[in-house]
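What follows is calculated from the coordinates using simple rules that are stated; it is not laboratory data. Keep in mind it's a predicted model, so treat the numbers as computed, not measured. FYI the Cβ positions are ideal-geometry reconstructions off the backbone, even for glycines, and counts take in every protein chain you see.
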Number of protein chains: 2
Amino acid sequence: MKVFNHSDILALEKRYRTNLINKISGYKSAHLIGTKNAAGQTNLAVFSSVVHIGANPPYLGFIMRPTSVERHTYENIKSTGYFTLNMITADLHEQAHLTAARFPRENSEFAATGLTEAYLADFPAPFVEESVLKIGLSFAEEQLITVNQTVLIVGKVEQLIVPTDALKADGDLDLEALNTVTIGGLDTYYTGTKLGRYAYAKANELLKKID
Amino acid sequence: MKVFNHSDILALEKRYRTNLINKISGYKSAHLIGTKNAAGQTNLAVFSSVVHIGANPPYLGFIMRPTSVERHTYENIKSTGYFTLNMITADLHEQAHLTAARFPRENSEFAATGLTEAYLADFPAPFVEESVLKIGLSFAEEQLITVNQTVLIVGKVEQLIVPTDALKADGDLDLEALNTVTIGGLDTYYTGTKLGRYAYAKANELLKKID
């Protein structure tokens, strides 16, 4: 075992620290966030920080650095009030990673990576046609994280598009069938293999495997 | 494809909605959060909402509902200022799921699930001995998410314990070798299989696979 305390981490070489600290939280969610600015120019960016905020009513959130390459996403959400979350699957993971390059604003990541804009009636932000699970959200709130000026953006789920095949009778989704990927650190992509689905745990009862 | 708008989701049967909405964000991180109250009573709870907040200085966050079964975790962090994140691996996933049962406060989830408390000198919160990657954090800030009264807790990484075998020369961690798991929804656990690790993407250049 290797033990690093806070000072040890601060003293690490920058690239080493970036690789290590970004990966210690384990597997992360993998999405392409689609937005459009007031002039109609679209933007698409890979994110690994989407988190569940609530089911009823349905809210999702994500963490961003508004001063970095993620700035266009932030500005577009704030100016239009809408964004999309498009699940990254194995088929899309290379194109998803490419969206992190610093393209000029007039060069949409959709065109640059060969992904297709898709729209739902009355929903202003662009979806990724090739993504199998698409979520359209309206901006609900933002919270500034004061320790490092990152921001938690919370969106309300307005539209949810899921493949009928992967949707089970009880509302569960088969992430393996969807070929969903998960991200480690800033640069590594993985598929998942199910160990088990379990019933709600109860004190003094054995764990019950459902599936 | 099945399309649900916001009203459709609100109208779903409760259990169906819970299963669906908790799973639409895809694969999530998997941790056991260890805490202790002022009287020395330990608590351990499974969480799937840990997110990266920053690498330099190192911060991690997670989302919680302070009024639910997660209340003990919240109260302990607020009263002592410390908590631990213990990576869930395939070996531990069944015990991790069991921690979600409603044990009385005087019955620690450590004892109830057969996991072992471990301590580092000068760090007050309990680690899980059996977890291969352990992180000790101090409470840094909390942000109330006003739409549903959930809370984002942010912690500063004070201690990081990683297995030497899984740590590569450039600071990257081999999550496959660690047998790290990822969570889907509230009840499904998966292992990961690497598709690839890629170099930082650059505009007008082909994607370069590192590993």
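Details
- Cα centroid separation - region A:10-52 against region A:143-211, whole Å: 17
- Our compactness index for the protein assembly as shown, the C-alpha radius of gyration over the empirical 2.2 N^0.38 Å, is 0.93.
- Our coupling estimate for region A:167-182, obtained by passing each phi through the Karplus curve with A = 6.51, B = -1.76, C = 1.60 and θ = phi - 60°, is 8, 8, 4, 9, x, 5, 10, 8, 5, 5, 5, 6, 6, 4, 10, 10 Hz, Gly and Pro reported as x.
- Residues whose amide H falls under 5 Å from that of B:Ile145, counting only those 5 or more places apart or on a different chain, are B:Thr150, B:Val151, B:Leu152, with hydrogens built in the peptide plane.
- Residue closest to axis [chain A; rotation mapping onto B; Cβ; Å]: A:Gln143, 2
- Close amide-amide hydrogen proximity is noted between A:Glu158 and A:Gly136, A:Leu137, A:Ser138, each under 5 Å apart and 5 or more residues distant or on a separate chain (H modeled in the peptide plane; Pro and chain starts excluded).
- Whether region A:77-203 is rounded, prolate or oblate, judged on the alpha carbon gyration tensor where a/c under 1.5 counts as rounded: rounded
- Along region A:92-100 the Karplus relation, 6.51 cos²θ - 1.76 cosθ + 1.60 evaluated at θ = phi - 60°, assigns HN-Hα couplings of 9, 5, 6, 5, 4, 5, 4, 5, 6 Hz to successive residues, with x for each Gly and Pro.
- Whole-Hz couplings from phi, Karplus 6.51/-1.76/1.60, listed for region B:152-164; x for Gly and Pro: 8, 9, 10, x, 8, 6, 9, 9, 9, 10, 10, x, 4
- For region B:83-140, trypsin sites (Lys or Arg not before Pro) are listed when DSSP marks them as loop and at most 13 other Cβ atoms sit within 10 Å of their Cβ; the list is B:Arg102, B:Arg105.
- A simple count of charges around A:Phe103, restricted to other residues whose Cβ falls under 14 Å of its Cβ and scoring Lys, Arg +1 and Asp, Glu -1, yields 0.
- Selection of chymotrypsin sites (Phe, Trp or Tyr not before Pro), region B:53-130, meeting DSSP coil and at most 16 other Cβ within 10 Å: B:Tyr119
- Nm distances between copies for B:Ala38, ranked from closest, using label points 7 Å along Cα→Cβ: 5.2
- Three-way shape call for region B:1-86 based on the alpha-carbon gyration tensor, with the a/c threshold at 1.5: prolate
- Spatially proximal aspartates and glutamates relative to B:Lys2 (Cα-Cα < 13 Å; intrachain offsets below 8 disregarded): A:Asp165
- Partner lysines for A:Lys208 [C-alpha distance under 18 Å; skip if fewer than 8 residues away on the same chain]: A:Lys194
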